[in-house]
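Enquirer: Okay, handing you the structure first.
The values are calculated or read from the model by the stated rules, or taken from the named source; none is laboratory data. Quick caveat: nothing in here was measured; it's all calculated off a predicted structure. Note that we place each Cβ from the backbone using ideal geometry, even for glycine, and neighbour counts take in every protein chain shown. Heads up: the accessible areas ignore ligands, DNA and RNA and are worked out on the full protein's heavy atoms, side chains in. Shrake-Rupley method; radii C 1.70, N 1.55, O 1.52, S 1.80 Å.
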Amino acid sequence: MSNREKLVIFDTTLRDGEQSPGATMSVTDKIELALLLEALGVDVIEAGFAMASPADFDAVKKIAAQIKSSRVCSLSRARVQDIEAAAQALSAAERFRIHTFIATSDVHMKYKLKMSPDEVIAATVKAVQCARNFTDDVEFSCEDAGRSRSDFLVRVIEAAIDAGATTINLPDTVGYSMPHQFGQLIAEIRQRVINADKAIFSVHCHNDLGMATANSLAAIEQGARQVECTINGLGERAGNAALEEVVMAVNTRKDVFPVYTDIKTEHLVHLSQKVSEITQFAVQPNKAIVGRNAFAHEAGIHQDGVIKHRETYEIMRAEDVGWNGEQMVLGKHSGRHAFRSRLDQLGIAFASDEELNCAFNRFKERADSGAGLSDNELKQLVL
Ligand code: KIV
Ligand code: ZN
């Protein structure tokens, strides 16, 4: 672990995640999730956007008062009023961060902000300086960085760091970038920004083209040391990079990523199920890491391989992310080997091979006509 660098995990399930249409959470739900995120080992919890509504302010305030080991953060536009609201809501926190942002792409500056690039730089400096009056942990985000001109990003980031920003976040706000481009953007910015060594570079990727995790990982390869993500990939539109995917990718591919996280991965499944229960957003069965099929084997060839040597078809251990119980599904694609092995586990033995064959044929007939069989169904079938 010694030559590995820390990857800061910034969770925004309670802020960007809640921006998923239909995923509104009550203050009580948010507090429950914040405590679980703290237990998971998340470094920064973005608890909300204090200025957005009285309920958001209240949630940030209550979370700030209860969380001890993670930093609590509130989002704020690059406006003094927003920053003051964030600081007020966060004031009870043991350690807190103010996250301020402004858009830096031509299309956002011209049509949304109606501001010139110089005005955006002036607003950035003012916002970061204002935030620094309340905390020495200030994050600045260049909204729509994925579609911003790199020359302008360099200027605005240098100004933000000079003004006191300690984390610089480059969001792919609309999920437009491809991994090789996004990695190049991070590399170029880190190389050209003259005071880059005074800040941690962060990324925040949306999933509109299904690239959020890939783009986050490409950025880590190019030196980003904070990733913003959400449980189950919840978030605005198609969502954000999924925390569980990013964390398990860097854990599993230590040969590729020279980083570590402090995430206690065995909490991942529970957190995923809690977020799904609270938001009523189902987790797709084949979702990486936390989908119920993520570690399930049904094909006979795969089951045979896993029984003989687990690593033939498993790159991670189900129990390391919080699954427990049997991951072999006995269904129409299962073979004799898996069938026999499951019966052995259930303590069912056969007097002869012929008896075993008859039972296997009955199982196949039944499995061909439907879904996988539970242990009880299997016992009833063979006994
Ligand atoms: O997607 C985005 O750009 C954001 C920023 C406010 C960080 O959520
Ligand atoms: Zn976002």
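Enquirer: Anything in the stretch 187-228 that is hydrophobic (A, V, I, L, M, F, W, C), open to solvent by 50 Å² or more (accessible area, probe 1.4 Å) and out of contact with any Phe, Trp or Tyr (no Cβ under 9 Å at 6 or more places or on another chain)? List them, or say none.
Expert: Passing the criteria: Ile194, Ile200.
Enquirer: Here is a list: Val256, Val306, Val290. Which entry is in a helix (DSSP H, G or I) and open to solvent by less than 100 Å² (accessible area, probe 1.4 Å)?
Expert: Of the residues listed, the single one that is in a helix (DSSP H, G or I) and open to solvent by less than 100 Å² (accessible area, probe 1.4 Å) is Val306.
Table: residues versus (1) modelled with pLDDT of 85 or more; (2) part of a helix (DSSP H, G or I); (3) basic (Lys, Arg).
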site: Ser341; (1), (2), (3): yes, yes, no
site: Ala359; (1), (2), (3): yes, yes, no
site: Phe363; (1), (2), (3): yes, yes, no
site: Arg366; (1), (2), (3): yes, yes, yes
site: Asn376; (1), (2), (3): no, yes, no
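Enquirer: Which members of the stretch 70-114 meet the condition of being away from ligand 2 (no atom under 16 Å from the Cβ), in a strand (DSSP E or B) and open to solvent by less than 10 Å² (accessible area, probe 1.4 Å)?
Expert: Scanning the stretch 70-114 gives Val72, Ile98.
Enquirer: Then there's this: Any residue at all in the stretch 228-236 that is within 11 Å of ligand 1 (Cβ to nearest atom), of a type in the set (S, T, N, Q) and at pLDDT 95 or above?
Expert: yes
Enquirer: In the stretch 148-166, is there at least one residue being within 16 Å of ligand 2 (Cβ to nearest atom), open to solvent by less than 10 Å² (accessible area, probe 1.4 Å), in the same structural domain as Cys205 (by TED's automatic domain parsing) and outside any loop (DSSP other than H, G, I, E, B)?
Expert: no
Enquirer: Moving to a separate point now. Could you check how many residues of the stretch 182-216 are closer than 26 Å to Asn232 by Cβ, out of contact with any Pro (no Cβ under 6 Å at 6 or more places or on another chain) and not aliphatic (A, V, I, L, M)?
Expert: Counting residues in the stretch 182-216 that are closer than 26 Å to Asn232 by Cβ, out of contact with any Pro (no Cβ under 6 Å at 6 or more places or on another chain) and not aliphatic (A, V, I, L, M) gives 11.
Enquirer: To continue, here is another question. Determine whether the stretch 44-55 contains at least one residue that is buried (at least 16 other Cβ atoms within 10 Å of the Cβ) and away from ligand 2 (no atom under 16 Å from the Cβ).
Expert: yes
Enquirer: May I ask you to verify whether Leu170 is under 18 Å from Leu75 (Cβ atoms), open to solvent by 20 Å² or more (accessible area, probe 1.4 Å) and within 16 Å of ligand 1 (Cβ to nearest atom)?
Expert: Criteria not met by Leu170.
Enquirer: Continuing with the same structure: Could you please find all residues in the stretch 334-358 being farther than 21 Å from His297 by Cα and open to solvent by less than 30 Å² (accessible area, probe 1.4 Å)?
Expert: Ile348, Leu356
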